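The values are calculated or read from the model by the stated rules, or taken from the named source; none is laboratory data. In this text the structure is predicted, and so the values were computed from the model without any measurement. Quick reminder, even Gly has a Cβ in these numbers, built from the backbone with ideal geometry, and neighbours come from all protein chains shown. Ligands, DNA and RNA are stripped out before the accessible areas are found, and what is left, the full protein with its side chains, is counted by its heavy atoms. Shrake-Rupley method; radii C 1.70, N 1.55, O 1.52, S 1.80 Å.
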Amino acid sequence: MYNIRNVTEDIVWIGANDRRLALFENIFPIPEGVSYNSYLLKDEKTVLLDTADSAVAGQFFENLEAALDGRTLDYIVINHMEPDHCALLADVLRRYPDAVLVGNAKTFTIVSGFFGLENVKRMTVKEGDSLVTGKHTLYFYFAPMVHWPEVMVSYDATDKVLFSADAFGSFKSLDGNLFNDEVNYERDWMDEARRYYTNIVGKYGVMVQTALKKLSALQIDYICPLHGLVWRSDFSSLLEKYDKWSRYEEESRGVVVIYASIYGHTENAAEILARMLSEKGVKDVRVYDASRTHVSELIAEIFRVKNIVLASSTYNAELYTPMKNLVADMKSLAVQNKNFALIENGSWAPYAKTQMTEMLSALKNCTYEDISLTIRSALKEDQLASLDALAASLAKSGF
Ligand code: FEO
């Protein structure tokens, strides 16, 4: 049975949830699922804005047919060619062979790469081009690298709706609700929205800033992303977060302590440091075991605060693997503007700090605490003063 909902009188959400997928992009755990949003504009012409992932093909086609209500499909706007949104493109065209594909030059390079489809009707748009569908006019603006190079957003100037592609999206299925004002966003969505942004788009902060500037000129009443909730109120809180994340600015003055520990001795130092931080008044202290916490959650936390403590064992004369993977991911995502404190452990040849320092040197605008610690197997009584001094230094900015 179809399951659709109107966004405006003429725009219908025809997406679907996937609660079965274990790993989004085969890498990110999504314990709360994800939605693949697709939209149909019903005007004198009908316009499908993006398709969906093949996992929800059955629901998507029931929804599309129900929303079309016997009409044919005239246009398919491709805002983003990643397969979680374009997987059903060829299937849609088999059902509606006269539909015109609307995309930019880069879109069609990727269309050809995935599907061929050289002989279907194509409309190639440039920045600012428009498509009149009757009483609605869609304008197309490019948002390269948010999240792929071909990404564009579409703006319906009639209903003032921005179809924002991956931007402003989130992990997490829709629980019957569709609009941001139907949920407790801060409590139930913010962590997954941050984890989605920082891991999917986090590397491209400069491009996100460019897109935000471009979109600031538009009067927007609705934001329709490809994942998660549709926004129809309180845009400032959402835009504020995006602005912070894309400028790599912290949301909190807290301290995140991440340890990678083999037998628990490095963990012990991390726990004591966290206790000292709390005793010195730092309210937002979080401790994570890099071996047990998915790297995507650690990345989201690293974006959230400025002060990061990395405590790691040495292993095979290198940085212990869970920490090495985390620091490599931080480099891949161009993490910047952080203040690091480093703690290493090594029973006979500590090397973790040297390798962390080398790897972190690739990150821009980062500072390092003067005090660092080398543990030889287990923390000693005479090292508590150094740990306390480190806690005091972090606490100066960590309230
Ligand atoms: Fe949701 Fe970049 O695809």
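The table below lists the values:
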quantity: Portion, in percent, of the accessible area of segment 29-87 that falls on carbon or sulfur, probe 1.4 Å; calculated: 43
quantity: Segment 45-116 shape via C-alpha gyration tensor axes, a/c threshold 1.5; calculated: oblate
quantity: Counting DSSP beta bridges with both ends in segment 31-120, the antiparallel % (nearest 5); calculated: 40
quantity: Note, ³J(HN,Hα) from phi for segment 370-375, Karplus 6.51, -1.76, 1.60, rounded to Hz, x at Gly and Pro; calculated: 5, 8, 10, 10, 10, 9
quantity: C-alpha long axis of helix 265-279 to longest principal axis of the chain, angle in °; calculated: 80
quantity: Antiparallel bridges, percent of DSSP beta bridges restricted to segment 269-399 (to nearest 5); calculated: 15
quantity: Restricting segment 193-284 to GluC sites (Glu not before Pro) in coil, as DSSP defines it, with at most 16 other Cβ within 10 Å; calculated: 249, 251
quantity: Low-density loop cleavage sites - chymotrypsin sites (Phe, Trp or Tyr not before Pro) in segment 317-380, where at most 10 other Cβ are within 10 Å (DSSP); calculated: 348
quantity: Among beta bridges that DSSP assigns inside the chain, antiparallel share in %, nearest 5; calculated: 40
quantity: FRET efficiency estimate (nearest 0.05) - Cβ-Cβ, residue 358 to residue 9, R0 45 angstrom; calculated: 0.15
quantity: Lysine pair number, Cα distance threshold 27 Å (strictly under), segment 77-194, separation 8 or more or different chains; calculated: 8
quantity: Kirkwood Rh in Å, taken over segment 77-214 so that all alpha-carbon pairs contribute; calculated: 16.4
quantity: Carbon and sulfur %, accessible surface of segment 117-275 computed with the full protein complex present, 1.4 Å; calculated: 50
quantity: Segment 1-135: C-alpha gyration tensor shape, a/c 1.5 cut-off, then a/b vs b/c; calculated: oblate
quantity: Helix axis angle, 57-68 relative to the chain longest principal axis, alpha carbon, degrees; calculated: 40
quantity: Mean-position separation - Cα centroids, segment 257-283 and segment 54-107, in angstrom; calculated: 51
quantity: Qualifying chymotrypsin sites (Phe, Trp or Tyr not before Pro) for segment 94-196 [loop in DSSP, other Cβ within 10 Å: at most 11]; calculated: none
quantity: Per residue solvent-accessible surface (Å²) - the chain, probe of 1.4 Å; calculated: 41
quantity: Acute angle (nearest 10 degrees) that the helix 105-115 long axis makes with the longest principal axis of the chain, alpha-carbon atoms; calculated: 90
quantity: 5 angstrom amide H check on residue 254, placed H, neighbours 5+ away; calculated: 306
